[in-house]
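Here's the structure we're looking at; comments come further down.
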Amino acid sequence: PLIVVLNGPNLNMLGLRQPDIYGHATLDDVEQVCIQAAERLDVAIDFRQTNGEGELVSWVQECRGRASGVVINPAAYGHTSIALLDALHAIECPVIEVHISNIHRREAFRHHSYVSQAACGVICGLGVRGYAHALQAMADIIEDEG
Ligand code: DQA
């Protein structure tokens, strides 16, 4: 099975960006965490990041019929993008939302995520480890469905 791992805007700046909130791991480190989890779980992954809302929407659309599951850190687009929510509703595989930081402990505008309405589960506040937990959960869900 293929799990697509999508990352939204500014996550290419991980490690440099507000390390007090997001930690020192870079996006390459996050990809390594995901690759190792995927090997352990015996799933394939396609790991991507974009700063563009339209590109993220297109990548979600491409998951239809191709991916068995989507793990997405929508970053700020989670809080703003109905287009991204609509795209996630249109694919027929399970979605897990990840945020590195605990969005509920931060500014009020981060407390709501449109993406959560399309997600079977949400992981936030566990740092980059959240991605490994999301992949584990997704592998379990795919196995249960199979
Ligand atoms: C984030 C949380 C968002 O509120 C923020 O806009 C991000 C990163 C996280 O992983 O903690 O860019 O999605």
Which residue pairs have Cβ atoms closer than 9 Å, lie 6 or more positions apart in sequence or on different chains, and pair a first residue in the stretch 1-23 that is under 10 Å from A75 (Cβ atoms) and among the acidic types (D, E) with a second residue that is modelled with pLDDT of 95 or more and part of a helix (DSSP H, G or I)?
none
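Going by the conditions given, is S58 buried (at least 18 other Cβ atoms within 10 Å of the Cβ) and either farther than 18 Å from A25 by Cα or not basic (K, R) (or both)?
no
Taking the condition of being part of a loop (DSSP other than H, G, I, E, B), more than 14 Å from L11 (Cβ to Cβ) and among the polar types (S, T, N, Q), how many residues in the stretch 67-105 meet it? First the steps, then the outcome.
The initial filter retains those residues of the stretch 67-105 that are part of a loop (DSSP other than H, G, I, E, B), namely 67-68, 74-76, 81, 91-94, 100-102.
Then drop every residue that is not more than 14 Å from L11 (Cβ to Cβ), which leaves 67-68, 81, 91-94, 102.
Pick out the ones that are also among the polar types (S, T, N, Q) and you get 68, 81, 102.
Residues flagged as part of a loop (DSSP other than H, G, I, E, B), more than 14 Å from L11 (Cβ to Cβ) and among the polar types (S, T, N, Q) within the stretch 67-105 amount to 3.
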(1) within 13 Å of I3 (Cβ to Cβ); (2) crowded, with 19+ Cβ neighbours inside 10 Å all hold for G130 apart from (1)
What residue, among those in the stretch 2-20 that are modelled with pLDDT under 95 and within 10 Å of the ligand (Cβ to nearest atom), is surrounded by the most Cβ atoms within 10 Å (Cβ to Cβ)?
R17
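Can you tell me which residues in the stretch 24-46 are of a type in the set (D, E) and either more than 15 Å from the ligand (Cβ to nearest atom) or in contact (Cβ under 8 Å) with a residue 60 or more places away in the chain (or both)? Break it down stepwise before answering.
Here is the first cut: in the stretch 24-46, the residues of a type in the set (D, E) are 28-29, 31, 39, 42, 46.
Residues satisfying the conditions are D28, D29, E39, D42, D46.
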Quick one: R48 ticks every box in (1) within 17 Å of I91 (Cβ to Cβ); (2) in a loop (DSSP other than H, G, I, E, B) except a single one, so which number is it?
(2)
Inter-residue pairs, beta-carbon under 6 Å, first without any contact (Cβ under 8 Å) to a residue 40 or more places away in the chain and in the stretch 69-89, second part of a strand (DSSP E or B) and within 15 Å of the ligand (Cβ to nearest atom), 6+ apart
L88/V95
Only unsatisfied item for E39, checking (1) of a type outside the set (K, R); (2) more than 15 Å from P9 (Cα to Cα); (3) buried (at least 22 other Cβ atoms within 10 Å of the Cβ), is (3)
The stretch 99-146, subset closer than 15 Å to G23 by Cβ, small (G, A, S) and in contact with a helix residue (DSSP H, G or I) (Cβ under 6 Å, 6 or more places away or on another chain), residue nearest to the ligand (Cβ to nearest atom):
S101
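The values are calculated or read from the model by the stated rules, or taken from the named source; none is laboratory data. As the structure is a computational prediction, the values presented were derived from the model and not from experiment. Cβ atoms come from the backbone with ideal geometry, glycine included; neighbour counts cover every protein chain shown.
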